[in-house]
Amino acid sequence: MVEDRKQFLKGLLKRLHEGADPEQIKKECQKNLGDIPPTEMAKVEDELVKEGMPREELQKFCDIHLAILKESFEKEGSLAPAGHPVRILMEEHKMLLQFADELKNVAKGMQGAKGLASVGEKIDQLNHIVEHLRDSGSHYVREENVLFPSLEKHGIKEPPAVMWMEHDKIRDIKKSVYRIVDGHKKMAFSDFTGQLDSAALALAEMLSSHFYKENNILFPAALEVIGESEWLDIRHQFDELGYCCFTPEPARAPIGKVETPISKPQVKGTVSFETGALSGEELEALLNNLPVDVTFVDKDDTVRYFSQSKDRIFPRVKAIIGLKVQNCHPQKSVHVVNQILEDFKSGKQDVAQFWINMNGRLINIRYFAVRKGGHYMGCLEVTQDITDIKKIEGEKRLLEY
């Protein structure tokens, strides 16, 4: 029965990909399948991507599946108790939907106003909403760096990949909102209110659709395959990455043993090198005290190690250890990752370098091919904040702290 249903699902998805009417697909799906178990959908999606179907096409089917779910049950009850990672994410969903609704109402309230002088209070409201939207980044970081890798380890790969694509769309819409609000004084008032209204509506619609998919498809699948002890570990990693300023305190209640930090395995023994030897403890401390962040990916593209420097630039949690590095990046940048690795493995290149501006700081990101005796062993990522280094001039020969 499961295999028959899976083949029927694959047939519907392929027909949708070939241009079939979405409404007709929806009717057939509803009539023959009813409520499709999330884990079953995940397996079908994974098989189709392996067969060459673009993830963008899967997103279309997600929308159809979403419509079926909405018609079969219009409720979003609590899937998990207070303190559970899923409960935390769902409570944040509620808060973000409130902010999106407030943004939409403020934008509507400005329509027809005479100018900036008449909407001073609403501008203050806007700034308050935008402040919370900017701080929502950790919500998506926790999903992408902890929940999604955990799902992949249980064989659920495509739904997280599609959700990550939607995260990027949400980020793009939010950037539009920030640009409009930050630059409102330089714009004609009618342009400001018109653009704000359009962006606020787009954000509200995107968040509503995305959160519904996560609450009713992704999270139930996660609860089905991830065990209790693993959820405790996920919660601990959530705590490490931190929360939004608006994450409800009751949602973050301690669960199980999570209030006690999980003990780290001790690094024992001595590692001998051609130029000396270090104890395991010394080696770990040395790597963690480097003025850069390092991540190592082995010859098979598997993430094997990352350092834990005090002021790490990009978040890293142990959920990514053992994953293919391609699954630790958004889909839009995977082709760049693959190009770098292909060029390193073939010997065509030894270094790839990028630099970006982030929160007013200049970040240098370098990738090095790790070789020994001419054999490729893996890729080393080195990330460094070079803002202050670029300011250095002249000489400094005296000891000053």
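Taken together, the values in this text are just the output of simple stated rules run on the coordinates, not laboratory data. All values reported here derive from a predicted model rather than from experimental measurement. A quick note on method: Cβ atoms are made from the backbone with ideal geometry, for glycine too, and the neighbour counts reach across all protein chains shown.
Using the Cα atoms of segment 270-388, I'd like the radius of gyration and the largest Cα-Cα distance, Dmax, both in angstrom.
Cα only, segment 270-388: 15.0, 43 Å (Rg, Dmax).
Just to confirm my numbers, what's the Cα centroid distance between segment 335-376 and segment 150-164 in Å?
Rounded to whole Å, the Cα centres lie 26 Å apart.
Please tell me which of these pairs span more than 24 angstrom C-alpha to C-alpha: Lys108/Lys332; Lys50/Lys175; Lys10/Lys345; Lys104/Lys169; Lys26/Lys104; Lys31/Lys213?
Pairs exceeding 24 Å: Lys108/Lys332; Lys50/Lys175; Lys10/Lys345; Lys26/Lys104.
How high is the relative contact order of the chain, given as a whole-number percent (alpha carbon pairs under 8 Å, six or more residues apart)?
For the chain, the relative contact order is 16 percent.
Under the Kirkwood approximation applied to all pairs of distinct alpha-carbon atoms, what is the hydrodynamic radius of segment 164-257 in Å?
Every distinct Cα pair counted, the radius reaches 16.3 Å.
Let me know the Rg and Dmax you get for segment 85-252 when you use only its Cα atoms, in Å.
17.8, 58
What do you get for trypsin sites (Lys or Arg not before Pro) in segment 324-365 restricted to DSSP loop and a cutoff of at most 13 other Cβ within 10 Å of the site's Cβ?
The qualifying sites are Lys348.
Given a Förster radius of 35 Å and the C-beta distance between Ala117 and Leu201 as r, what FRET efficiency does 1/(1 + (r/R0)^6) yield to the nearest 0.05?
Efficiency computed from Cβ-Cβ geometry: 0.85.
Among Asp124, Asp233, Asp350, which one shows the highest mean-square fluctuation when the chain is modelled as a Gaussian network with alpha-carbon springs under 10 Å?
Asp124
To two decimal places, what compactness ratio does the chain give when its Cα radius of gyration is scaled by 2.2 N^0.38 Å?
My calculation over the Cα atoms of the chain gives 1.13.
Taking 7 Å along the Cα-to-C-beta vector as the label spot, tell me the Asn357-His375 distance in nanometres, rounded to one decimal.
4.6
Counting other Cβ atoms within 10 Å, which GluC sites (Glu not before Pro) in segment 263-353 have at most 13 and lie in a DSSP loop?
Taking segment 263-353 and a limit of 13 other Cβ atoms within 10 Å, the loop GluC sites (Glu not before Pro) found are Glu274.
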